[in-house]
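A.B. asks: One structure follows; several queries about it will come next.
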């Protein structure tokens, strides 16, 4: 029996939840010497003891490594994360099977080498442990779990047969980087002219919607813009899972909560938006518009809550109107109602995209109505190519509309 197998069996016999202390205690309880069914000193005749086959003496480093793997495997994330997560450049780990995992180091997905004959281990057991650590239920009756681990890592897990090829685990590292707009400029994410416009939008307390695809940097840009708000302002952030970490002295975080096993205790984003409106926010922030809560956001931003910000998934700023209409339909709002409220609620749409090695601001648009339909004409767009101004934002057809809003402040 291997050290890990012995420790797993010993810890499984305990009635309490496994933790590092339980694992270390199990290791310390290993019989000394060359195995066999020896009885320890003071042990009653007939009492059972762990039986290990003769094995070579292990060095101190090997024992420390095996104990660390045992702790990870039984009390937490498994040896998988111990090896893959040790690389500080890894932002995402995607496990598809015991022999297949992918990582992202900021330059796209790459396949991870399989660590030994056992591969990445029992993925279902790993998923169950991670879900428990995130306070989420994951079993045959509830085969999908989404949550956040104690260290901030974002977890999504799916069990078979919903995941046809077996259990899958997706992890995204939480990096609460307190970036500011200057960091975006220095890193090539926005040019000098674009930075000035973004700062001006914050200064005039414009209501902003940041769009982009998954992993494009929406949350990072949102935090950077919030960091430019005056220190005297109170910012209330509403999120499904906490990701925003703006460099600002007065931030209140509200986080939604899923229902418990009995189906009670859920707190959704729409409830939190209504609660936040009563907390005297100077800036009301929704981490992501993804459902019916868009109705409450539109209502809040149309009732005097200036300086608000939110993010939404979209492939381009010009796609945001269709996205808002679709989200509004989830809340029972018609397209005309969404168009009328969105035009008066948001002063600008800022689009970010992920390019090789960096995330950049590519478009700034304004919302308008044309023949009753909601549209997003571009006020600024990123200039490609080389030469002076390349990579910065240049004015587009709707620049005059945006310029008036910057001059006059919030309408």
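A.B. asks: Counting alpha carbon pairs within less than 8 Å and at least 6 residues apart, what relative contact order, in whole percent, applies to segment 181-406?
C.D. replies: Worked out over segment 181-406, it gives 22 percent.
A.B. asks: Give the peptides 105-114, 268-277 in descending order of average Cβ contacts within 10 Å, highest first.
C.D. replies: Output ranking for 105-114, 268-277: 268-277, 105-114.
A.B. asks: Can you give the translational diffusion coefficient of segment 181-406 in µm²/s, computed by Stokes-Einstein from the Kirkwood radius over Cα pairs at 10 °C and 1.306 mPa s?
C.D. replies: On the way: Rh = 17.7 Å.
Translational D for this selection: 90 µm²/s.
A.B. asks: I've got another one for you. Largest first and in whole Å, give the semi-axes of segment 268-347's equivalent ellipsoid, each being the square root of 5 times a Cα gyration tensor eigenvalue. Please report the intermediate quantities before stating the final value.
C.D. replies: Values: eigenvalues 75, 34, 30 Å².
Semi-axis lengths for segment 268-347 are 19, 13, 12 Å.
A.B. asks: Report the relative contact order of segment 84-173, percent, no decimals, based on alpha-carbon pairs under 8 angstrom and at least 6 residues apart. Mind dumping the intermediate values first?
C.D. replies: Working: 173 pairs, mean separation 24.5, N = 90.
Taking the mean separation of contacting Cα pairs over the length of segment 84-173, I get 27 percent.
A.B. asks: In percent, what relative contact order does segment 166-277 have, based on Cα pairs under 8 Å that are 6 or more apart in sequence?
C.D. replies: RCO, segment 166-277: 22 percent.
Readers should treat all values here as calculations from the given coordinates under stated rules, not as data from a laboratory. This one's a predicted model, so the numbers in the text were calculated from it and none came from an experiment. Note: ideal-geometry Cβ built from the backbone for every residue, glycine included; neighbour counts use all protein chains shown.
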